[in-house]
Amino acid sequence: MDPSASYHEDRDEIDLSIKRVFESGYFILGNEVKMFEKEFADYVGVKQGVGVANGTDAIELALRACDVGPGDIVFTVSHTAVATVAAIERCGANPFLLDILPESYTINPESLEKVLLEFDRGKYSGKGSPKAVIPVHLYGHPVDISAVIDIAKKYNLYVIEDCAQAHGAMFLDKMVGSFGDFAAFSFYPTKNLGAIGDGGIVLTNQIDKYEKMLALRQYGWKYRFISSYSGINSRLDELQAAILRVKLRKLNSANQRRLEIADYYLENISNPLISVNSIPSGIKHVFHQFVIQALDRSSLIGHLKSYSIGCAIHYPMPVHLQPAYIEKIMMESAGLPVTEKIKDNILSLPMYPQLNHKHVERVVDAINSWVG
Ligand SMILES: *Cc1c(COP(=O)(O)O)cnc(C)c1O
């Protein structure tokens, strides 16, 4: 990934937008943020958006808007950015980690339903009550969101979609982020829609929750200087919003280019030592990452390095095995076999819209010449 490549591509428009903010004299919660919130919510097909400081805060605010807190359980996956789990803890609730499907690297709806049944039967009595689920559209691959929504309805859970890696992805013909009660997005510079610094947004169609999140992001103020809730300070700033407005207009074509690169990888990587998931029909994958699997991963990394090709592991250690969480965090009693099976084999190849044909060809040549 090369975060400055997208700046160079749209430099004139971005420079103009920066100048506009400097000259306006409004740096916090002004017109740029308001316009971006509207434009981004329209893009996803949701009524309201609240611009916040980062994607982690977006998840936290959604949870707090529905009074999820101490004594409550929130389900998500262990195979995610640790931010998803950190946000649950920030609001005082307990995370409960579930396994993923090997073909999509996203939440296994059957795991969710199985654990909810166990809660109903008292298996976890005294551990808290299920309140919400956070499906993560990881790598740009949509979750089987209709299955998750059906289960959540049945068990009365809020659904907060973690869309930090899936701006513009679609499930059937609808954007991810438009299915749940809330959608949380991050604009960290490397995301499909990235700021030049930190940023995030939380979307919802529910007006009461929207108004509460507006207050929560600014000290709990409903009216200036008067806190109706105990809030935090988590604001998207005008500069980031102005830049994001430019980049939002390019998002579809940037995602299209990611898809072309992914298609090229899928068609041309022919090394039998490498496995890659195919793209199922009925979804639009936006390839935040292009992930392959190889048994002898460290040898492959060394081989790519000898070709001066960068790669990364997302993520080298699932949340339930990390020092902060191991043996403390709640998870499926049978363990998380798929999560643990893939963790030593996954590898993310170069993927960003400004990669040109020569770059991608070189990656494929390097991969195909690896002999293990
Ligand atoms: C990046 C990311 C987040 C957190 O976003 P920040 O802006 O870094 O706080 C949350 N979830 C996932 C899946 C992410 O990739």
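Take the residues in segment 158-171 that are among the aliphatic types (A, V, I, L, M) and buried (at least 24 other Cβ atoms within 10 Å of the Cβ); name whichever of them is nearest to the ligand (Cβ to nearest atom). Full working, then the answer.
Restricting attention to segment 158-171, the residues satisfying the condition of being among the aliphatic types (A, V, I, L, M) are 159-160, 164, 166, 169-170.
The next check asks that each one be buried (at least 24 other Cβ atoms within 10 Å of the Cβ); those that pass are 160, 164, 166, 169.
On the way: I160: 11, A164: 3, A166: 9, A169: 12 Å.
Within segment 158-171, the match that is nearest to the ligand (Cβ to nearest atom) is A164.
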**Asked** Just one of E327, E340, E267, E361 is away from the ligand (no atom under 16 Å from the Cβ), at positive phi and not hydroxyl-bearing (S, T, Y); which is it?
**Response** E327
**Asked** Limited to segment 48-82, what total is found for residues that are within 14 Å of the ligand (Cβ to nearest atom), buried (at least 24 other Cβ atoms within 10 Å of the Cβ) and of a type in the set (A, V, I, L, M, F, W, C)?
**Response** 8
**Asked** Cβ-Cβ below 9 Å, separation at least six or inter-chain, first residue in segment 301-323 and surrounded by fewer than 16 Cβ atoms within 10 Å (Cβ to Cβ), second hydroxyl-bearing (S, T, Y) and part of a loop (DSSP other than H, G, I, E, B): which pairs?
**Response** Y307/S369
**Item:** Candidates F119, F96, filtered to the one that is farther than 24 Å from Q293 by Cα and in contact (Cβ under 8 Å) with a residue 60 or more places away in the chain
**Value:** F96
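Condition first: at pLDDT 95 or above, within 16 Å of the ligand (Cβ to nearest atom) and among the small types (G, A, S). Can you find one or more residues in segment 110-120 that meet it? Please lay out each step first, then the result.
The initial filter retains those residues of segment 110-120 that are at pLDDT 95 or above, namely 110-120.
So of that shortlist, the ones also within 16 Å of the ligand (Cβ to nearest atom) come out as none.
No: zero hits.
Pick from segment 224-255 the residues that are among the small types (G, A, S) and crowded, with 17+ Cβ neighbours inside 10 Å: which of them is farthest from I201 (Cα to Cα)?
First pass over segment 224-255, keeping only residues among the small types (G, A, S): 227-228, 230-231, 234, 241-242, 253-254.
Filter once more, so that each one left must be crowded, with 17+ Cβ neighbours inside 10 Å: 231, 234, 241-242, 254.
Working: G231: 16, S234: 10, A241: 10, A242: 14, A254: 20 Å.
Of everything passing the filter in segment 224-255, A254 is farthest from I201 (Cα to Cα).
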**Item:** Test: residue in segment 145-156 that is farther than 21 Å from E60 by Cα, within 16 Å of the ligand (Cβ to nearest atom), at pLDDT 95 or above and outside any loop (DSSP other than H, G, I, E, B)
**Value:** no
**Request:** Run L97 past the list (1) surrounded by 23 or more Cβ atoms within 10 Å (Cβ to Cβ); (2) farther than 24 Å from D144 by Cα and report the number of the one that doesn't hold.
**Result:** (2)
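Give the residue that is nearest to M175 (Cα to Cα), with candidates limited to residues of segment 1-28 that are among the aliphatic types (A, V, I, L, M) and either surrounded by fewer than 17 Cβ atoms within 10 Å (Cβ to Cβ) or at pLDDT below 95 (or both). Lay out the reasoning, then the answer.
Pass one, segment 1-28, residues among the aliphatic types (A, V, I, L, M): 1, 5, 14, 16, 18, 21, 28.
Imposing the further condition that a residue be either surrounded by fewer than 17 Cβ atoms within 10 Å (Cβ to Cβ) or at pLDDT below 95 (or both) reduces the set to 1, 5, 16, 18, 28.
Working: M1: 24, A5: 26, L16: 30, I18: 29, I28: 29 Å.
So, considering only residues that are among the aliphatic types (A, V, I, L, M) and either surrounded by fewer than 17 Cβ atoms within 10 Å (Cβ to Cβ) or at pLDDT below 95 (or both), the one nearest to M175 (Cα to Cα) is M1.
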**Asked** Quick check, is A242 within 30 Å of V21 (Cβ to Cβ) and either touching a residue at least 60 places away in the same chain (Cβ under 8 Å) or touching a His at 6+ places or on another chain (Cβ under 9 Å) (or both)?
**Response** yes
**Message:** Suppose we filter segment 172-197 for residues that are on the phi < 0 side of the Ramachandran plot, more than 10 Å from the ligand (Cβ to nearest atom) and aliphatic (A, V, I, L, M); how many remain?
**Reply:** 5
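Return yes or no: is P130 modelled with pLDDT of 95 or more, more than 14 Å from the chain's Cα centre (by Cα), assigned to a loop (DSSP other than H, G, I, E, B) and more than 13 Å from the ligand (Cβ to nearest atom)? Full working, then the answer.
Details: modelled with pLDDT of 95 or more: yes; more than 14 Å from the chain's Cα centre (by Cα): yes; assigned to a loop (DSSP other than H, G, I, E, B): no; more than 13 Å from the ligand (Cβ to nearest atom): yes.
It is false that P130 is modelled with pLDDT of 95 or more, more than 14 Å from the chain's Cα centre (by Cα), assigned to a loop (DSSP other than H, G, I, E, B) and more than 13 Å from the ligand (Cβ to nearest atom).
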**Complete:** Expected output for segment 267-287 (first residue touching a residue at least 60 places away in the same chain (Cβ under 8 Å) and in a loop (DSSP other than H, G, I, E, B), partner charged (D, E, K, R) and surrounded by fewer than 17 Cβ atoms within 10 Å (Cβ to Cβ), Cβ below 7 Å, 6+ apart or cross-chain) is N277/E103
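Need a quick list: helices (runs of 4 or more DSSP H) entirely within segment 1-101 having at least 1 residues that are farther than 30 Å from A312 by Cβ.
On the way: elements: 3-9, 11-24, 31-44, 55-65, 82-90.
In segment 1-101, the matching helices (runs of 4 or more DSSP H) lie at 11-24, 31-44, 55-65.
The values are calculated or read from the model by the stated rules, or taken from the named source; none is laboratory data. What you see is a predicted model; the values in this text were computed from it and never measured. Positions of Cβ are generated from backbone atoms using ideal geometry, with glycine treated the same way; all protein chains shown enter the neighbour counts.
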